[in-house]
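Step one of this worksheet: look at the structure below.
The values are calculated or read from the model by the stated rules, or taken from the named source; none is laboratory data. Everything numeric in this text was worked out from a predicted model, so none of it was measured. Cβ placement follows ideal geometry from the backbone for every residue including glycine, while neighbour counts extend to all protein chains displayed. Ligands, DNA and RNA are stripped out before the accessible areas are found, and what is left, the full protein with its side chains, is counted by its heavy atoms. Shrake-Rupley method; radii C 1.70, N 1.55, O 1.52, S 1.80 Å.
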Amino acid sequence: MSVSTLRFLIAPVLVVGVLGGCAWPAPSGQESAATSPSAQARILPEKTVAPLVDALPQRTVTALPAARLADGLLPPTNRWFSGLVYGEPSMPVFPLPLSFQLTEDGMSFGVPQVSTSPAVIMGGFFGAVSADVGAREQQVVAYDTASVTVAQRADGKEIGRTVLAQGSPFVSFTATQETAVRMSVPFVPGDEDGVATATVANSGYGLVTEGELGTDGTSVTLSAGDSLTWFAVPGNGNLDDLAAAARHPILDTGIGYSVDQDSATTAIRYRTAGDADTLIAAMPHQEPAGTDCTLGSYPSVYGDLRLCRTSTLSWTAPLLEPAGSIDLSGLGQEHREELRAQLEADVTASADFPADTYFGGKALYRSANLLSIARDLGADDIATTLEERLKGELALWMDPAGCENRSARCFVYDPKARGLVGLEPSFGSDQFNDHHFHYGYFLYAAGVVAAGDSEFAEEWAPVMNLLAADLATSGKNPLFPERRVFDAYAGHSWASGTSPFGDGNNQESSSEAVTAWNGLALWAEASDQPDLYREAVWMLSAEAASARAYWTDFPLDSAVYDGFDHTITSLVWGGKRDYATWFSAEPSAMLGILVLPMSPVAGYLAGDPKRIEANIRGAAPDGFDVLFGDYLLMYSALAGEAAATQALEAASALPETRIDDGNSRTYLLAWLMSLHGGR
């Protein structure tokens, strides 16, 4: 760990929101900041980024679809609920343990019915209960860390507002005017006043209301200000627990996080009417400390969700330290000489940098890794060549006015979508797909090159900080959404900008998401931004933990995997998990997309050697002459020193065509040698 990194971590810990004991605002027409302005740490705030945005050309490259979104709200791309905003008709969303969808006149929701087949774990939308509130128009009027507020309107007047939140088994509707709510299933009054229950597909549902339940149980009449809260009763759960909590509807949520020498902590606060505790379902990667999570469980595609009584769901992930180089200190002279010879060959053979944001970013990342190796080997002449190439290419991308003069290798600010778009876009990045995958490579390269060179950090900061802001702005900022892609509750990112899918949002390349936060941390360190660094380390650690929990290392003995024929899920959605990719049916692609680009922090993928071996058998049973064979070879070496020795021996026979464009034989060998030991 570098001295500066250590300083960043042992400095007074940045705590946002719940951990700071701050005030919690009620829902409004603005995105909730979750804390009072005086208490929230502003990372890349408006006063910092506004002049940087002003210096960029402003242009909408591709317009986002029409949004059911209140004026003044930032477009919520890359969220778990983006399909609710942009879908036409509204797409289902998955605020687990529930699934939820807007209908023509109201809403429908229910606990997904989970089924497992050899290649997919399915838990799609299930409309157990539908509610007609008389709506003719619906739009999101507030959202924050984990909750969304939807306003229902008719004849230009608001009828009421609905709040749903991740982890919450409740859907709450509060009437703005006298309203008759009609339901698709009859609810039977219980012993307690205002409580009723129904059974749908052998699952229990309940409601609590201040209104009047109709005699047939299918309607509730609400006066202005009255609330109606539905809930799903978990297996082995108690109706009374749910009903009591339902009397205190969730109003909004906020986020807190901290980083210490061993762990990264996430805390989500659920503010309720009356500031009472509520009931929240914890995902398998969450181990809430000091919280009663014995109130039943719900099925999900991720495994059972345990119901907890709390107002703050808090858990930790192991700290993952950022890294911009492989430790080559243990290499013997023979390995160092072999590596230097390969380095010279790879630098000589390097192609021109591509012009789009994805492959261009990967090429920068590749050269940055070669630079780190050259520095470690003391190959000053090669390092100088690489630095000049990298600085020249980065200078093009980092020119604020670049897009005024050319149509590639530059960035514009989209004033409608509120974000940065690189030209040339690729893989739908102009529609805000995959921004963390693309921009993480730029941040990584800049962090490596500018490490210890404040002059270049200062020169690139005007655009590089906008890339960081596009991904990681926090606090209220009208120019960028708060942490665009990162889902604190799920612990990982979402890749689709508008999520026009029936199974919710999705993410495929969990490893590139980890690489993105590593790059963000390296840039923050190089540019001396300790608050940004701490935020990046938190997201890096959380993303790595969730990547293992749901993509590569989930517990195969969990019941949800009975009947699933694979040891990885390569494409994770809100409502399903697939053994599939967007681009290839090859088994090697399924695992390859979860490990590339094997950046210096990829040691988080290590664990049970037998699991690594099983994952490799599924991806490359006949050897590594396959798509992504280089990355699979590197991953296989994490199974132990013997595996690393075998991988190093196999590397010499790996065809050049199997070296990915974001990789090099030099980096491949350096990785394997570092795990193999000196020679």
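Points to keep in mind about this one:
- Residue that is among the aliphatic types (A, V, I, L, M) and either touching a residue at least 40 places away in the same chain (Cβ under 8 Å) or surrounded by fewer than 21 Cβ atoms within 10 Å (Cβ to Cβ) (or both), where the choices are A647, A606: A606
- Residue within the range 241-249 that is touching a His at 6+ places or on another chain (Cβ under 8 Å) and open to solvent by less than 70 Å² (accessible area, probe 1.4 Å) present: no
- Meets criteria (among the small types (G, A, S) and either open to solvent by less than 10 Å² (accessible area, probe 1.4 Å) or more than 20 Å from the chain's Cα centre (by Cα) (or both)) for A545: no
- Any chance P621 is under 19 Å from the mean Cα position of the chain (by Cα) and either without any contact (Cβ under 8 Å) to a residue 40 or more places away in the chain or in a loop (DSSP other than H, G, I, E, B) (or both): no
- Members of the range 583-603 that are touching a residue at least 60 places away in the same chain (Cβ under 8 Å), out of contact with any helix residue (DSSP H, G or I) (no Cβ under 6 Å at 6 or more places or on another chain) and outside any loop (DSSP other than H, G, I, E, B): I593, A602
Residue-by-condition table, conditions (1) outside any strand (DSSP E or B); (2) of a type in the set (G, A, S); (3) free of Cβ contacts under 8 Å to residues at least 60 places away in the same chain; (4) more than 30 Å from G256 (Cα to Cα):
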| residue | (1), (2), (3), (4) |
| --- | --- |
| G127 | yes, yes, yes, yes |
| G134 | yes, yes, yes, yes |
| V140 | no, no, no, no |
| T145 | yes, no, no, no |
| Q152 | no, no, yes, yes |
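- Flag: S329 matches the condition of being on the phi < 0 side of the Ramachandran plot, more than 32 Å from the chain's Cα centre (by Cα), of a type in the set (S, T, N, Q) and open to solvent by 50 Å² or more (accessible area, probe 1.4 Å).
- Residue list for the range 412-463, restricted to those being within 13 Å of A524 (Cα to Cα) and hydroxyl-bearing (S, T, Y): Y444, S454
- Complete set of residues in the range 173-184 that are open to solvent by 10 Å² or more (accessible area, probe 1.4 Å), closer than 16 Å to V129 by Cα and under 36 Å from the mean Cα position of the chain (by Cα): M183, S184
- Selection from the range 418-434 of residues that are among the hydroxyl-bearing types (S, T, Y) and crowded, with 20+ Cβ neighbours inside 10 Å: S429
- The residues in the range 558-603 that are basic (K, R) and either in contact with a Phe, Trp or Tyr (Cβ under 7 Å, 6 or more places away or on another chain) or open to solvent by less than 10 Å² (accessible area, probe 1.4 Å) (or both) can be counted, and the count is 1.
For (1) in contact with a strand residue (DSSP E or B) (Cβ under 6 Å, 6 or more places away or on another chain); (2) not charged (D, E, K, R), each residue gets a yes or a no:
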residue: R577; (1), (2): yes, no
residue: E586; (1), (2): no, no
residue: M590; (1), (2): no, yes
residue: S599; (1), (2): no, yes
residue: I612; (1), (2): no, yes
residue: I616; (1), (2): no, yes
residue: G629; (1), (2): no, yes
residue: Y635; (1), (2): no, yes
residue: Q646; (1), (2): no, yes
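- Among the residues here, T229 qualifies as buried (at least 23 other Cβ atoms within 10 Å of the Cβ), touching a strand residue (DSSP E or B) at 6+ places or on another chain (Cβ under 6 Å), among the hydroxyl-bearing types (S, T, Y) and within 19 Å of G106 (Cα to Cα).
- Against the test of being open to solvent by 20 Å² or more (accessible area, probe 1.4 Å) and among the small types (G, A, S), the options G361, G392 yield a single qualifying residue, G392.
- In a residue-by-residue description of the range 408-417, the property of being under 28 Å from the mean Cα position of the chain (by Cα), without any contact (Cβ under 8 Å) to a residue 60 or more places away in the chain and open to solvent by 10 Å² or more (accessible area, probe 1.4 Å) applies to at least one position.
Residues are listed down the side, and each one gets a yes or a no for (1) more than 22 Å from P45 (Cα to Cα); (2) of a type in the set (A, V, I, L, M, F, W, C); (3) at pLDDT 95 or above:
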{"site": "I382", "(1), (2), (3)": "yes, yes, yes"}
{"site": "K391", "(1), (2), (3)": "yes, no, yes"}
{"site": "R418", "(1), (2), (3)": "no, no, yes"}
{"site": "F427", "(1), (2), (3)": "yes, yes, yes"}
{"site": "H435", "(1), (2), (3)": "no, no, yes"}
{"site": "Y441", "(1), (2), (3)": "yes, no, yes"}
{"site": "A461", "(1), (2), (3)": "no, yes, yes"}
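- Evaluation of Y444 against (1) surrounded by fewer than 24 Cβ atoms within 10 Å (Cβ to Cβ); (2) part of a helix (DSSP H, G or I) (one fails), failing number: (1)
- When the residues of the range 451-496 are filtered to those that are in contact with a helix residue (DSSP H, G or I) (Cβ under 6 Å, 6 or more places away or on another chain) and farther than 30 Å from A142 by Cα, the one that is surrounded by the fewest Cβ atoms within 10 Å (Cβ to Cβ) is P462.
- Filter pass, L213 being over 36 Å from the mean Cα position of the chain (by Cα) and open to solvent by 40 Å² or more (accessible area, probe 1.4 Å): yes
- Where strands (runs of 3 or more DSSP E) sit wholly within the range 9-125, those with at least 1 residues that are surrounded by fewer than 17 Cβ atoms within 10 Å (Cβ to Cβ) and at pLDDT 95 or above occupy 115-117.
- Within the range 617-638, the set of residues being open to solvent by 20 Å² or more (accessible area, probe 1.4 Å) and closer than 17 Å to T567 by Cα comprises R617, G618, P621, L638.
- Considering (1) farther than 21 Å from N369 by Cα; (2) open to solvent by 10 Å² or more (accessible area, probe 1.4 Å); (3) within 24 Å of the chain's Cα centre (by Cα), the lone condition that A273 does not fulfil carries the number (3).
- Unmet requirement for F554, which otherwise passes all of (1) in a loop (DSSP other than H, G, I, E, B); (2) touching a residue at least 12 places away in the same chain (Cβ under 8 Å); (3) under 26 Å from S82 (Cα atoms): (3)
- Check on N405, without any contact (Cβ under 8 Å) to a residue 12 or more places away in the chain and either open to solvent by 20 Å² or more (accessible area, probe 1.4 Å) or closer than 10 Å to Y358 by Cβ (or both): yes
- Selection status of D193, at positive phi and charged (D, E, K, R): no
- Test for Y439: is it outside any helix (DSSP H, G or I), more than 22 Å from L84 (Cβ to Cβ) and among the aromatic types (F, W, Y): no
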